[in-house]
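Working notes, structure below.
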Amino acid sequence: MKHTTTALAILLSLSSMSALAAQDNDFQHEAGLNYGANSEEVSDGIWNAYYRYYFKGVDQSKSPYALNGFLAQESNMGASYSNFDVLDMDTIGADGTFVFDSNWFVSANYQRFEIGNFDFNTYGAEVGYYFNASSAVSAFYQDGDSNVEESYGLKLRSYIALQSTAGVDLQANWKHSDSDDMFNVGADWYVNNAWSVGAGYTNNDDDDAFDIRTAYWLRISDGFSANFVISKVLDSDVDGVGLGLGVVGRF
């Protein structure tokens, strides 16, 4: 609890710095630290740290900051670590995507989970195609050891730029496993390159739910930003709201 409170205080102090006239320079490296929790139990959240390297420079001046990586359509590789104290769970992961000149791309990922005295590994692959400068369709497969249930599915994503505001990010995903079929759709309207408002719907064999969310990306300096997310599941059985806070470095 003390560790979480101290770290949150550091994140809040960094994110409350006054924004300067930040320059939207191209970047190849991105590193971040995020914390997500429910408002009912703010101290029982999940920490996530990550790093990603893009083989070519990514332009962040012409599209929403949160979508720069997707819209770049460039080969990249990354690593991550997350911690969830409530379950005594630590997770490490690595992934990579290679984009061909033909606009086809292939991805692979690996994660190792340690929950108390139990651990297991998962791995996956994805094949997709960028069918225009802001849209992609792909198929994926995921499996693991220690009786991890295999799954496969499809993803569709498209960003539509608008004239009066930045644009709309549309997503649809379907995942099948032996025990469940899950389908979700979402739309996030970007008022400008920093602020978005969105909604989503998820349906599986057991339940379905709608959610609403808003997010803001605060530019603090040329290479440093903070981001904030607030979300709410529209279900009478789900208390509180989702809260997210993160800091990002790009260079």
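Pull up the range 69-105, narrow it to residues that are more than 22 Å from residue 118 (Cα to Cα) and of a type in the set (Ser, Thr, Tyr), then point me to the one that is most open to solvent (accessible area, probe 1.4 Å).
For the range 69-105, the residue satisfying everything is 102.
Only one residue in 194, 199 is open to solvent by less than 60 Å² (accessible area, probe 1.4 Å), without any contact (Cβ under 8 Å) to a residue 60 or more places away in the chain and closer than 21 Å to residue 214 by Cα, so which one is that?
Step by step, each of 194, 199 is checked, and only 199 is open to solvent by less than 60 Å² (accessible area, probe 1.4 Å), without any contact (Cβ under 8 Å) to a residue 60 or more places away in the chain and closer than 21 Å to residue 214 by Cα.
Of 24, 59, which residue is over 20 Å from the mean Cα position of the chain (by Cα) and modelled with pLDDT of 90 or more?
24
Taking residue 238 as the residue in question, decide whether it is surrounded by fewer than 17 Cβ atoms within 10 Å (Cβ to Cβ), of a type in the set (A, V, I, L, M), over 19 Å from residue 157 (Cβ atoms) and at pLDDT below 95.
Considered against the rule, which asks whether it is surrounded by fewer than 17 Cβ atoms within 10 Å (Cβ to Cβ), of a type in the set (A, V, I, L, M), over 19 Å from residue 157 (Cβ atoms) and at pLDDT below 95, residue 238 comes out as yes.
Between a first residue in the range 43-70 that is in contact (Cβ under 8 Å) with a residue 24 or more places away in the chain and acidic (Asp, Glu) and a second residue that is open to solvent by 30 Å² or more (accessible area, probe 1.4 Å) and in a helix (DSSP H, G or I), which pairs have beta carbons less than 6 Å apart while being 6 or more apart in sequence or on different chains?
What qualifies is 44/86.
Return only the number of the condition from (1) of a type in the set (Ser, Thr, Tyr); (2) open to solvent by less than 50 Å² (accessible area, probe 1.4 Å); (3) touching a Gly at 6+ places or on another chain (Cβ under 7 Å) that residue 123 does not satisfy.
Against the list (1) of a type in the set (Ser, Thr, Tyr); (2) open to solvent by less than 50 Å² (accessible area, probe 1.4 Å); (3) touching a Gly at 6+ places or on another chain (Cβ under 7 Å), residue 123 comes up short only on (2).
Name the single residue, out of those in the range 23-36 being among the polar types (S, T, N, Q) and not in a strand (DSSP E or B), that is surrounded by the fewest Cβ atoms within 10 Å (Cβ to Cβ).
If we take residues in the range 23-36 being among the polar types (S, T, N, Q) and not in a strand (DSSP E or B), then 23 is surrounded by the fewest Cβ atoms within 10 Å (Cβ to Cβ).
From the list 215, 172, exactly one residue is open to solvent by less than 50 Å² (accessible area, probe 1.4 Å), among the small types (Gly, Ala, Ser) and in contact with a Leu (Cβ under 7 Å, 6 or more places away or on another chain). Which is it?
Among 215, 172, only 172 is open to solvent by less than 50 Å² (accessible area, probe 1.4 Å), among the small types (Gly, Ala, Ser) and in contact with a Leu (Cβ under 7 Å, 6 or more places away or on another chain).
Go through (1) in contact (Cβ under 8 Å) with a residue 60 or more places away in the chain; (2) out of contact with any strand residue (DSSP E or B) (no Cβ under 9 Å at 6 or more places or on another chain) for residue 167 and report which single condition fails.
Residue 167 satisfies all of (1) in contact (Cβ under 8 Å) with a residue 60 or more places away in the chain; (2) out of contact with any strand residue (DSSP E or B) (no Cβ under 9 Å at 6 or more places or on another chain) except (2).
Among what's in the range 43-68 and is small (Gly, Ala, Ser) and in a strand (DSSP E or B), pick the residue that is farthest from residue 117 (Cα to Cα).
57
Scan the range 132-157 and report the pairs whose first residue is surrounded by fewer than 17 Cβ atoms within 10 Å (Cβ to Cβ) and whose second residue is among the β-branched types (Val, Ile, Thr) and part of a strand (DSSP E or B), with Cβ atoms within less than 6 Å and a gap of 6+ or a chain change.
139/127; 148/122; 156/137
Return the total of residues in the range 158-183 being touching a Ser or Thr at 6+ places or on another chain (Cβ under 9 Å), more than 13 Å from residue 71 (Cβ to Cβ) and part of a loop (DSSP other than H, G, I, E, B).
Count: 1.
I'm trying to understand the selection: among the residues of the range 37-55, which are within 24 Å of residue 96 (Cα to Cα) and surrounded by 16 or more Cβ atoms within 10 Å (Cβ to Cβ)?
Passing the criteria: 46, 47, 48, 50, 52, 54.
The values are calculated or read from the model by the stated rules, or taken from the named source; none is laboratory data. Since this is a predicted model, take the numbers as computed values, not measurements. Note that each Cβ is placed from the backbone with ideal geometry, even for glycine, and that neighbours are counted across all protein chains shown. Surface accessibility is based on the protein's heavy atoms, side chains included, excluding ligands, DNA and RNA. Shrake-Rupley method; radii C 1.70, N 1.55, O 1.52, S 1.80 Å.
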